[in-house]
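Enquirer: First the structure, which I've put down as structure tokens, then a few questions once you've had a look.
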Amino acid sequence: MQYSDKVMEHFMNPKNVGEIENASGIGEVGNAKCGDIMRMYLDIEDNIIKDVKFKTFGCGSAIASSSMATEMIKGKTIQEALKLTNKAVAQALDGLPPVKIHCSVLAEQAVKSALIDYSKKNNVNIPELEGVVIDDDHHDHEIFEN
């Protein structure tokens, strides 16, 4: 399987790894079939994503997708972050092998999941998220517990 230099760079030196204490929103998504699980933390102030961190348990493509997604939404408004697509993540990584496209989908879903969490916690209506369903088919939350 051939990976782009960008995928390798974000896998070997991922950006924004970690947790945000008292995060504005936390999203966790996973794919039970492949075992990739992503948790994304957002710090939102005045509709701007001031900081974003992630923890990903998974393959190199999942880590690279998480890292790239965080770079793409940092400093952006909620509305700009909602425009992040798995295609944009994959393109920013100069492509992913077809069997790894689901990793970029998880990154997009993790961002949306964290924004849904933010909207619920802060009673903020985000019209773009109405009717959005995050495909959450895992129950391995203990992986990230301290």
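Since every read-out is calculated from the coordinates, none of them should be taken as a lab result. All figures in this text were calculated on a predicted structure; none of them were measured in a lab. Please note: Cβ atoms are built from the backbone with ideal geometry, for glycine as well, and neighbour counts cover all protein chains shown.
Enquirer: Counting other C-beta atoms within 10 Å, and keeping those with at most 13, which DSSP coil trypsin sites (Lys or Arg not before Pro) do you find in the range 1-63?
Expert: Passing sites in the range 1-63 are 33.
Enquirer: Please list, in chain and number order, the residues 5+ apart from residue 25 or on another chain whose amide H is under 5 Å from its amide H, with Hs placed from the backbone.
Expert: 42, 44
Enquirer: Next up: In whole Hz, with x marking every Gly and Pro, tabulate ³J(HN,Hα) for the range 95-111 from phi via Karplus 6.51 cos²θ - 1.76 cosθ + 1.60, θ = phi - 60°.
Expert: x, 10, x, x, 6, 10, 4, 4, 5, 6, 5, 4, 4, 4, 5, 5, 4
Enquirer: On to the next question. Cα-Cα over 20 Å: which of 6/50; 55/83; 53/74; 76/112; 50/83?
Expert: With Cα atoms farther than 20 Å apart: 6/50; 55/83.
Enquirer: Suppose a student asked you for the relative contact order of the chain, using Cα pairs under 8 Å spaced at least 6 residues apart; what percent would you report?
Expert: Averaging sequence separation for qualifying contacts and normalising by length gives 29 percent for the chain.
Enquirer: Got a sec to turn the phi values of the range 31-38 into Karplus ³J(HN,Hα) couplings, 6.51 cos²θ - 1.76 cosθ + 1.60 with θ = phi - 60°, whole Hz, x for Gly and Pro?
Expert: Coupling constants for the range 31-38: 10, 4, 5, 9, x, 7, 10, 10 Hz.
Enquirer: Just subtract the alpha-carbon distance of residue 21 and residue 133 from 0.36 nm times their residue separation and send over the number in nm, one decimal.
Expert: Residue separation times 0.36 nm, minus the Cα-Cα distance, leaves 37.7 nm.
Enquirer: Taking the Cα-to-Cβ direction at residue 8 and at residue 71 and moving 7 Å from each Cα, how far apart do the two end points lie in nm?
Expert: 1.5
Enquirer: Also: Rounded, prolate or oblate: which one fits the range 1-130, using the alpha carbon gyration tensor with axes a ≥ b ≥ c (rounded when a/c is under 1.5, else prolate when a/b beats b/c, else oblate)? Each step should come with its number before you reach the end.
Expert: On the way: a/c = 1.78, a/b = 1.76, b/c = 1.02.
It comes out prolate by the Cα gyration axes.
Enquirer: Could you work out the helix-only [θ] at 222 nm for the chain, with each DSSP H run of four or more residues adding -39,500 (n - 2.57) and the total divided by the number of residues, to the nearest 500 deg cm²/dmol?
Expert: After summing the helix terms and dividing by residue count, I get -11500 deg cm²/dmol.
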